[in-house]
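Data first, discussion second: the structure below is written as structure tokens.
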Amino acid sequence: MTVPRTVDDMALPGFVRSAQPAWAQDPELPVNVRRVTLRPGETTAPHNHHDVEVWVVLDGRGEVTSDGRTVPVAAGDAVRLPPLGVHTLHNPAADRPLSFLTFWWEDLAALDAEHDRRAERAGTSDRPVLLLPSFPTPNGELHLGHLAGPFLNADLLRRGLIARGTPVRLLLGTVGHQSQVAAAAQDQGLTFYELAERNTDAIQEALAAARIEWDVFIRPSSPRYPEVALEVFERLRSDGTVVAKTVQANYCAPCGSYLFEAFVAGACPHCGSRDTAGIECEACALPFADHELLDPSCRSCGAPAGQRELTRYYMPLEPLRERLTGYLRSVAMSARLRSYVDRVLAAPLPDLPVSTVAADGILLPADPSGATDGQRMYSAFELAARFITAVDDLARQHGVAGWEEYAEAVQPRTVLFFGFDNAFLRAVVFPAVLGAFTDKLALADTMVCNEFYLLDGQKFSTGRKHAIWGRDAFRAETRDQLRLHLAATSPDIRRRDFAVAEYERFVREELVGEWEAWLASVDGRLRKYFDGRAPEAGSWNGEAEQFYGRIRAFAARLADALLPERFSARAAAQEVRDFVAEARRFTEVCEDVLAVQPVSATARTCMALELMAVRALAVAAEPLLPELAARLSGQLGLPAPAVGDGGRVQWVAPGTAVALTGPYFSSDARIRRAG
């Protein structure tokens, strides 16, 4: 097989970019082999697989990247690529091909070893973690549909990382300038900031009621925020990333105004849904240009919209395609989000609006022609500035001069949380703007995306008041049980439904009927046979050994579900529920061995294991049930849920006085609807 040495060689008749050598076509050969040639500037598609693969460079020079680490290679070099790692080979030359042989074969032992290594590595990073949920829009207060998505997820992960001893910070705030707020303020006869600040207060109350705890909160009136946003704009305009261009825009002649976002109604050009807002569809999440809306009309007066020319600032995303593609291939995300990203990248990337005609928002300097005079910053372009402002605030809390110094000193990693309807803005626009502005803050390496949460089969709606407000639903006596139910029914990859009757049944039958009964039975046996004090374990029977293994497995699996790359609220909730069911079954073993008097060494072990199970629940389940965890910890004689245990389980110290006195849950689980 001839190896091409020049670009001209690749133009010869019979040249094939990828081919199997004749000598490798023996069906008994234990490996697969192909020769691949890359053109100047070409990169292999990022991919991973379960096989072991080896690349042998035949001619040229290149750069191999595997799981984010890049090494140079030249003719004669060989690189082994382990299973599961995402890898590419790039030919940086301007005038010379790069040819290599790829060998790959299945090795299940190597796959198992790499799988175990990656699992261990996922929980051992000591880099501080910044958690960035989508900031809520202050056009109204938070309902359960909001809370069950990015905000509860971020809090669960925050608490899970704290338990591991990982430094973590939750960054929150409300959206700075969105037309939904302006439209709501107009309807209520308020100014933009009057409504935004009032609703921000209500949003903070709902978050606090749900025990979602933040480190930074950026309000719409923050004076630092517009400064950062203008700095981002000016830098990208000066380097040509942001440009002014004349486009068609929707216009209402009777109202004499251009129509954007909340002020225009229309159907999605991709799927036909009328749930459109801004530059992406709530149903399919695909982006579109303002003028592409089907059947546009004015939301204020209902008149059909016409089209007029308008000069606006834009940030073309297509020139950033290579950088965005490489970055997004490296991000940990769900299969659903990955499919969406691939679909977006398969089409030409749109131009992102940077300015808009609006009465409120950050005033931008006009372009040299003056055509953009008086325009405001488009809310989607502000995403990066909101993040930088939050990091800047965090830096000052820690005595650091600003966000750049903080990023350099701490080198944090970032995890994003957002709803699927915002996937374009968070997965594509946010890293595009932030990456174009600075390389000092690492782009998010993990994205946690959720679907819509429904209320009795229909979307939660602030405007239609088809909602359950968070401030009303989360009461002190019901907070934990509602957190657990929301996690158990989390709309992680599909839309899921909150049904009031189902929630009430869950509390009545499972939590009060089963969990309370289990804890009461443990307390009763401890009082009756051990005078309310934790015994020291003695002899072991087969059931005790099995239950000990299940306690250990529970703690490890729950901790694993609360890692950034593997995060799953539903999986975490299911682990807790399954464990309590397992512990309830073990009560029968304890009852059987205690039926024989005097108390045997085996009975002491079974009772000690029951208390170990309660302790494991108190420690491991704290992210889901913080108040139950604190209460059980106190009753077990622990000062607080342990931090940094890494999934380890421990005995309750022998001789400790324990009183597992409930109730722990409220049978009054009634939920009041909005309106």
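Can you go through Leu29, Leu81, Leu98 and tell me which one is open to solvent by 30 Å² or more (accessible area, probe 1.4 Å), modelled with pLDDT of 85 or more and among the hydrophobic types (A, V, I, L, M, F, W, C)?
Values: Leu81 fails: open to solvent by 30 Å² or more (accessible area, probe 1.4 Å); Leu98 fails: open to solvent by 30 Å² or more (accessible area, probe 1.4 Å).
Step by step, each of Leu29, Leu81, Leu98 is checked, and only Leu29 is open to solvent by 30 Å² or more (accessible area, probe 1.4 Å), modelled with pLDDT of 85 or more and among the hydrophobic types (A, V, I, L, M, F, W, C).
Counting only residues that are under 28 Å from the mean Cα position of the chain (by Cα) and among the acidic types (Asp, Glu), which one in region 493-520 is least open to solvent (accessible area, probe 1.4 Å)?
Asp497
Go over the candidates Cys281, Cys301, Cys252 one by one and state the one that is open to solvent by 30 Å² or more (accessible area, probe 1.4 Å) and touching a Cys at 6+ places or on another chain (Cβ under 7 Å).
Numbers: Cys281 fails: open to solvent by 30 Å² or more (accessible area, probe 1.4 Å); Cys252 fails: open to solvent by 30 Å² or more (accessible area, probe 1.4 Å).
Criteria check complete, one pass: Cys301.
Would you be able to tell me the number of residues in region 224-274 that are of a type in the set (Val, Ile, Thr), closer than 30 Å to Ser297 by Cα and part of a loop (DSSP other than H, G, I, E, B)?
Taking region 224-274 as the starting set, the residues that turn out to be of a type in the set (Val, Ile, Thr) are 228, 232, 241-243, 246-247, 264.
Next, from what is left, pick out any that are closer than 30 Å to Ser297 by Cα: 242-243, 246-247, 264.
Narrowing further to those that are part of a loop (DSSP other than H, G, I, E, B): 242.
Of the residues in region 224-274, 1 are of a type in the set (Val, Ile, Thr), closer than 30 Å to Ser297 by Cα and part of a loop (DSSP other than H, G, I, E, B).
Exactly one condition in (1) over 20 Å from Asn32 (Cβ atoms); (2) without any contact (Cβ under 8 Å) to a residue 40 or more places away in the chain; (3) of a type in the set (A, V, I, L, M) is not met by Ala93; state its number.
Of the numbered conditions (1) over 20 Å from Asn32 (Cβ atoms); (2) without any contact (Cβ under 8 Å) to a residue 40 or more places away in the chain; (3) of a type in the set (A, V, I, L, M), the odd one out for Ala93 is (2).
Give Ser461, Ser490 a once-over and let me know the one that is polar (S, T, N, Q), touching a Leu at 6+ places or on another chain (Cβ under 9 Å), surrounded by 21 or more Cβ atoms within 10 Å (Cβ to Cβ) and at negative phi.
Exactly one residue qualifies, and that residue is Ser490.
From Thr43, Thr70, grab the single residue that is loosely packed, with under 14 Cβ neighbours inside 10 Å and among the β-branched types (Val, Ile, Thr). Give the steps one after another, and end with the answer.
On the way: Thr43 fails: loosely packed, with under 14 Cβ neighbours inside 10 Å.
Exactly one of Thr43, Thr70 is loosely packed, with under 14 Cβ neighbours inside 10 Å and among the β-branched types (Val, Ile, Thr), namely Thr70.
Quick one: what pairs do we get from region 493-504, first residue over 21 Å from Ser568 (Cα atoms), second of a type in the set (A, V, I, L, M) and surrounded by 14 or more Cβ atoms within 10 Å (Cβ to Cβ), C-beta under 7 Å, 6+ apart or different chains?
So the pair list comes out as Val500/Ile671; Glu504/Ala669.
Looking at region 199-218, which of the residues that are open to solvent by 60 Å² or more (accessible area, probe 1.4 Å) and in contact (Cβ under 8 Å) with a residue 40 or more places away in the chain is farthest from Leu157 (Cα to Cα)?
Just the residues of region 199-218 that are open to solvent by 60 Å² or more (accessible area, probe 1.4 Å), to begin with: 201, 205, 211, 213-214.
So of that shortlist, the ones also in contact (Cβ under 8 Å) with a residue 40 or more places away in the chain come out as 205, 211, 213-214.
On the way: Glu205: 21, Arg211: 13, Glu213: 12, Trp214: 12 Å.
Among them, the one singled out is Glu205.
Only one of these is within 18 Å of the chain's Cα centre (by Cα), acidic (Asp, Glu) and either more than 20 Å from Ala572 (Cβ to Cβ) or surrounded by 23 or more Cβ atoms within 10 Å (Cβ to Cβ) (or both): Asp116, Asp155. Name it. Write out each step before concluding.
Details: Asp116 fails: within 18 Å of the chain's Cα centre (by Cα).
After ruling out the rest, the residue left standing is Asp155.
What number of residues within region 373-392 are part of a loop (DSSP other than H, G, I, E, B) and in contact with a strand residue (DSSP E or B) (Cβ under 6 Å, 6 or more places away or on another chain)? Lay out the reasoning, then the answer.
The initial filter retains those residues of region 373-392 that are part of a loop (DSSP other than H, G, I, E, B), namely 373-375, 378.
When the remaining residues are screened for being in contact with a strand residue (DSSP E or B) (Cβ under 6 Å, 6 or more places away or on another chain), the result is 375, 378.
Counting residues in region 373-392 that are part of a loop (DSSP other than H, G, I, E, B) and in contact with a strand residue (DSSP E or B) (Cβ under 6 Å, 6 or more places away or on another chain) gives 2.
Within region 287-298, which residues are open to solvent by 30 Å² or more (accessible area, probe 1.4 Å) and either touching a strand residue (DSSP E or B) at 6+ places or on another chain (Cβ under 6 Å) or free of Cβ contacts under 8 Å to residues at least 24 places away in the same chain (or both)?
Start the filter on region 287-298 by keeping residues that are open to solvent by 30 Å² or more (accessible area, probe 1.4 Å), which leaves 289, 291-292, 294-295.
His291, Glu292, Leu294, Asp295 - these are the residues of region 287-298 that are open to solvent by 30 Å² or more (accessible area, probe 1.4 Å) and either touching a strand residue (DSSP E or B) at 6+ places or on another chain (Cβ under 6 Å) or free of Cβ contacts under 8 Å to residues at least 24 places away in the same chain (or both).
Quick grid of which residues meet (1) in contact with a Lys or Arg (Cβ under 8 Å, 6 or more places away or on another chain); (2) assigned to a loop (DSSP other than H, G, I, E, B); (3) without any contact (Cβ under 8 Å) to a residue 24 or more places away in the chain:
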site: Leu349; (1), (2), (3): yes, yes, no
site: Leu394; (1), (2), (3): yes, no, no
site: Ala427; (1), (2), (3): no, no, no
site: Phe430; (1), (2), (3): no, no, no
site: Ala442; (1), (2), (3): yes, yes, no
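Can we say Leu328 is over 22 Å from Gln180 (Cβ atoms), within 26 Å of the chain's Cα centre (by Cα), in contact (Cβ under 8 Å) with a residue 60 or more places away in the chain and not in a loop (DSSP other than H, G, I, E, B)? First the steps, then the outcome.
Details: over 22 Å from Gln180 (Cβ atoms): yes; within 26 Å of the chain's Cα centre (by Cα): yes; in contact (Cβ under 8 Å) with a residue 60 or more places away in the chain: yes; not in a loop (DSSP other than H, G, I, E, B): yes.
It is true that Leu328 is over 22 Å from Gln180 (Cβ atoms), within 26 Å of the chain's Cα centre (by Cα), in contact (Cβ under 8 Å) with a residue 60 or more places away in the chain and not in a loop (DSSP other than H, G, I, E, B).
Just give me the residues in region 25-74 being in a strand (DSSP E or B), without any contact (Cβ under 8 Å) to a residue 60 or more places away in the chain and of a type in the set (Lys, Arg), in sequence order.
Result: Arg61, Arg69.
Looking at the structure I just gave you, is Gly361 touching a strand residue (DSSP E or B) at 6+ places or on another chain (Cβ under 8 Å) and open to solvent by 10 Å² or more (accessible area, probe 1.4 Å)? Explain how you work it out, then say what you get.
Details: touching a strand residue (DSSP E or B) at 6+ places or on another chain (Cβ under 8 Å): yes; open to solvent by 10 Å² or more (accessible area, probe 1.4 Å): yes.
Spelling it out, Gly361 is indeed touching a strand residue (DSSP E or B) at 6+ places or on another chain (Cβ under 8 Å) and open to solvent by 10 Å² or more (accessible area, probe 1.4 Å).
Can you give me the number of residues within region 470-479 that are open to solvent by less than 10 Å² (accessible area, probe 1.4 Å) and not in a loop (DSSP other than H, G, I, E, B)?
Number satisfying all stated conditions: 2.
Could you please give the count of residues in region 655-675 that are closer than 30 Å to Thr605 by Cα, polar (S, T, N, Q) and open to solvent by 60 Å² or more (accessible area, probe 1.4 Å)? Before you say what the answer is, go through the steps one by one.
Within region 655-675, the subset closer than 30 Å to Thr605 by Cα is 655-665.
Keeping just the survivors that are polar (S, T, N, Q) gives 656, 661.
Next cut, open to solvent by 60 Å² or more (accessible area, probe 1.4 Å) only: 661.
Residues in region 655-675 being closer than 30 Å to Thr605 by Cα, polar (S, T, N, Q) and open to solvent by 60 Å² or more (accessible area, probe 1.4 Å): 1 in total.
What are the pairs with Cβ atoms under 6 angstrom where one residue, in region 267-280, is in contact (Cβ under 8 Å) with a residue 24 or more places away in the chain and closer than 19 Å to Leu317 by Cβ and the other, located anywhere, is open to solvent by less than 30 Å² (accessible area, probe 1.4 Å) and not in a strand (DSSP E or B)? Sequence gap at least six, or different chains.
Pro269/Phe288; Gly278/Glu261; Glu280/Phe424
If I ask for residues that are more than 14 Å from Ala613 (Cα to Cα) and at pLDDT 60 or above, which ones from region 639-650 would you list?
Pro639, Ala640
The values are calculated or read from the model by the stated rules, or taken from the named source; none is laboratory data. These numbers come from a predicted model, not from an experiment. As a convention, Cβ positions derive from the backbone with ideal geometry for all residues, glycine included, and neighbour counts pool all protein chains shown. Remember, those area values only see protein heavy atoms, side chains included, never the ligands or the DNA or RNA. Shrake-Rupley method; radii C 1.70, N 1.55, O 1.52, S 1.80 Å.
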